[in-house]
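Peer 1: This structure is in structure tokens; I'll ask about it shortly.
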Amino acid sequence: MRSFSYLKALVLFGPALLGAAVGDFPGSRSVFSPDGRNAFRITIRERLHPHPPGDRLYFSVLRDGREILLDSPFGLDFKDHEPLGRDLEIVGESRTIVDETWETVAGKNRRVRNFYNEIRISMREKAESGRLLEWIVRAYDEGLAFRYHLPEQESLQKFRLAAERSEFHFAENHACWAARFGGFRSHQESEYEKTKIGSLSVSEPAGLPLLIQVGDTCWLALAEAGLSDWAGMYLASAGTAANALVTALSPRLDEPGVVVRSGTPRLSPWRVLMVSDAPCGLVESDLILNLNEPCAIGDVSWIRPGKSAWDRWWSGSYAPDADFEVGMNTATLKYYTDFAAEMGWEYVLVDWFWYGNPFQGDFQPVKDADITKPVPELDLQELIRYAKSKKVGVWLWLEWSHADRQMDEAFALYEKWGISGVKIDFMARDDQDMVRFYERTLKKAAEHRLLVDFHGAYKPTGLSRTFPNFITQEGVLGNEYNKWSSRVTPEHNVTLPFTRMLAGPMDYTPGGFRNATRDQFRVVGGDAPAPFVMGTRCHQLAMLVVYESPFQVLCDSPYNYRRSLQGLDFLKIVPAAWDEIRCLSGRVGEFVVIARRSGKDWFIGAMTGWDSRNLEIPLFFLDRGTYEARIWSDAPDSDVYPDRLARENRTVKRNEKISLRLASGGGSVIQLTPKQ
């Protein structure tokens, strides 16, 4: 990741230069986005029914002059100090404009513009203690973000944070899409249910991002960014007013009633409000990445996105073309490596059981497991040598506590062996200690040139900008759930781009080739040919374009891919990393159309829920000249035979449209290549 253009950071003492004076009054400060459409206002005023008495800090958000977030209170509760957030006065402010461009290693856009107006407000308690609090607010065209800073001070040194009460008060009971994980300890794998703000629970916080439809032309997503040595954020009903939400932080395991242990000076993570006229605008945003620190890795040349074959974890032992016993052994892993090489994929993933059974009863980790010693049936050194000869890199799965215990020794050994990356699993937490584990792992992995994929993980918060070896993560209800449930529906699949994917890359593991209609789908296991997936072949192909993940793990078996054929040619050519994104159209839970550019080629992915539909795909984003369009689309009978597709090649220009018919649970993919 390299910053290559310019930085303009001007400390301005004329607030009107940022539009900040508009509508301000004593005790109030505002900051506007560069385009003037978004405004964030901070106000210190007396509560209507003060108990306890004293002025309190409130914030509100406006878009195009309309208040989309009403005055919302803020406060911090401590285990060892009095609450902080009331009886305050403003004692200073500074304003900054930043306009810079930087380059990702792997992301939705290669070049990212980071353009915002910032205000930093210093406040002090009027009480004798005179504790200090600072707020930093950034206003972007695509949203707003705030964080708080506790400066170094005699009256507040070490602290134990019991709760952060950043409340979000809405004027109406808006529709929203919420993920309910059942508590703070989870793999964060759930549907995003359409509901109302007022239906969210006080006792069961919703996960992030939370998508909210404020009106026909205003969509909002609440998220967090820059999570570092802090507790992960959720949202619960505030219980203080109608249509009001409040932050809930993941509690520490070692001290009930405490979420963060730290000391001053200390910055919180960013609380983010992504804003757009339509859901597609949220999909295109790089706001979460921009709110993180720049790349901390000097040489990033070894960080290579790519596609991967996945060992038998998902597809089972069904391999009629194999002349060996399928299992965790050298022959099986060479079988998957051969397929990766045949497809031109960059990697093969060796999943659990390679160093023995990592668990005892009820998924409790084996305490003396050794992640440096493969089982006797697997000659790992031979596999690595063989894969290298085929130009395929090897990834290894690790249970997180085993990785934590042996990290220094194992990561150094993996670098010596030539391992490409590690998939670390079963964290199922985002408390402060687990967040520290993520950061410690990424730093150590970078020292040894290892890519990282966190499974059983919490949602992204943009840390991949700082550590681009953090190439993807789970925290998504993906294709694996087809092994034991019927939850992964086409409606779920076309909800994800507007919810979970707003936070960042997701390792959904696409590419299931046993496609089924709603009536045909059933849960299978054991030695069956592999799990079914709902929807058409093109629905699965489109995931490789629609879903962002620089490490795309293709879920199905070599046998199923080889015998199915239709669509296999697309899996060979679709990239895993991109230079530009355009969300062309979509409605949450109904359909989505996304275009991504790689070099001079554009790829388009279209997906629909169970409702079939006709779409007109505009090509305005193309350069001038003619393009060769290779189109994979649902066949006329895909509603009955979902594994079938139709192929077409044609010449197109930017002023044209491509007409598509998507079957029930269907999709389409298009490659657009400029003609010479």
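The values are calculated or read from the model by the stated rules, or taken from the named source; none is laboratory data. Bear in mind that the values here come from a model prediction, so they are computed numbers and not experimental data. Every residue, glycine as well, gets a Cβ built from its backbone with ideal geometry; the counts of neighbours run over all protein chains shown.
Peer 1: Taking the range 415-436 as the region of interest, how many residues are aromatic (Phe, Trp, Tyr) and under 27 Å from the mean Cα position of the chain (by Cα)?
Peer 2: Filtering the range 415-436 for residues aromatic (Phe, Trp, Tyr) gives 417, 426.
Those left that are additionally under 27 Å from the mean Cα position of the chain (by Cα): 426.
Of the residues in the range 415-436, 1 are aromatic (Phe, Trp, Tyr) and under 27 Å from the mean Cα position of the chain (by Cα).
Peer 1: Would you mind finding the one in Arg518, Arg563 that is under 18 Å from Tyr641 (Cβ atoms), at pLDDT 95 or above and surrounded by fewer than 19 Cβ atoms within 10 Å (Cβ to Cβ)?
Peer 2: Result of the check over Arg518, Arg563: Arg518.
Peer 1: Moving to a separate point now. Out of the strands (runs of 3 or more DSSP E) lying entirely within the range 163-246, which hold 1 or more residues that are among the β-branched types (Val, Ile, Thr), assigned by TED's automatic domain parsing to the domain that holds Glu67 and surrounded by fewer than 21 Cβ atoms within 10 Å (Cβ to Cβ)?
Peer 2: Counting at least 1 such residues, we get 192-196, 210-215.
Peer 1: Please go through the range 524-566 and give me each residue that is touching a residue at least 60 places away in the same chain (Cβ under 8 Å), within 26 Å of the chain's Cα centre (by Cα) and over 21 Å from Arg661 (Cα atoms), ordered by number.
Peer 2: Once the filter is applied, which keeps residues that are touching a residue at least 60 places away in the same chain (Cβ under 8 Å), within 26 Å of the chain's Cα centre (by Cα) and over 21 Å from Arg661 (Cα atoms), the range 524-566 yields Pro531, Glu548, Ser549, Pro550, Phe551, Gln552, Val553, Leu554, Cys555, Asp556.
Peer 1: Then there's this: Does Asp286 fit the bill of being over 30 Å from Asp80 (Cα atoms) and among the acidic types (Asp, Glu)?
Peer 2: So Asp286 fits the description; yes.
Peer 1: Starting from residues that are farther than 21 Å from Gln157 by Cα and among the small types (Gly, Ala, Ser), keep the ones in the range 102-133 and report whichever is surrounded by the fewest Cβ atoms within 10 Å (Cβ to Cβ).
Peer 2: Residue satisfying both the conditions and the ranking: Gly107.
Peer 1: Something else: Just checking, which of Ala248, Ala231, Ala206, Ala244 is under 19 Å from Glu474 (Cα atoms), out of contact with any helix residue (DSSP H, G or I) (no Cβ under 6 Å at 6 or more places or on another chain) and among the aliphatic types (A, V, I, L, M)?
Peer 2: Ala206
Peer 1: Go through the range 479-512 residue by residue and tally those that are of a type in the set (Phe, Trp, Tyr), under 18 Å from the mean Cα position of the chain (by Cα) and not in a helix (DSSP H, G or I). Spell out how you get there, then give the answer.
Peer 2: Initially, the range 479-512 is screened for residues of a type in the set (Phe, Trp, Tyr), giving 481, 484, 498, 508.
If we keep only those that are under 18 Å from the mean Cα position of the chain (by Cα) too, we end up with 498, 508.
So of that shortlist, the ones also not in a helix (DSSP H, G or I) come out as 508.
Looking only at that region, the number is 1.
Peer 1: Another question, if that's okay. Please work out if Asp623 is outside any strand (DSSP E or B), assigned by TED's automatic domain parsing to the domain that holds Thr489, surrounded by fewer than 21 Cβ atoms within 10 Å (Cβ to Cβ) and out of contact with any strand residue (DSSP E or B) (no Cβ under 8 Å at 6 or more places or on another chain).
Peer 2: Judged against the criteria, Asp623 is not a match.
Peer 1: Starting from the range 149-160, take each residue that is in contact (Cβ under 8 Å) with a residue 60 or more places away in the chain and outside the structural domain of Leu227 (by TED's automatic domain parsing) and list its partners that are of a type in the set (D, E, K, R) and assigned to a strand (DSSP E or B), counting only C-beta distances under 6 angstrom and pairs at least six apart or across chains.
Peer 2: As it stands, the answer is none, since no pair meets every condition given.
Residue by residue, here is whether (1) free of Cβ contacts under 8 Å to residues at least 40 places away in the same chain; (2) not in a loop (DSSP other than H, G, I, E, B) holds:
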position: Val258; (1), (2): no, no
position: Arg261; (1), (2): no, yes
position: Val272; (1), (2): no, yes
position: Ile297; (1), (2): no, no
position: Arg304; (1), (2): no, no
position: Ser317; (1), (2): no, no
position: Glu325; (1), (2): yes, no
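Peer 1: For the range 502-513, does any single residue satisfy the condition of being β-branched (Val, Ile, Thr) and surrounded by fewer than 24 Cβ atoms within 10 Å (Cβ to Cβ)? I'd like the intermediate steps shown before the answer.
Peer 2: Narrowing the range 502-513 to residues β-branched (Val, Ile, Thr): 509.
From what's left, surrounded by fewer than 24 Cβ atoms within 10 Å (Cβ to Cβ): none.
No, the range 502-513 has no match at all.
Peer 1: Give me a count of the residues in the range 658-676 that are surrounded by fewer than 24 Cβ atoms within 10 Å (Cβ to Cβ), assigned to a strand (DSSP E or B) and in contact (Cβ under 8 Å) with a residue 60 or more places away in the chain.
Peer 2: Residues meeting the conditions: 4.
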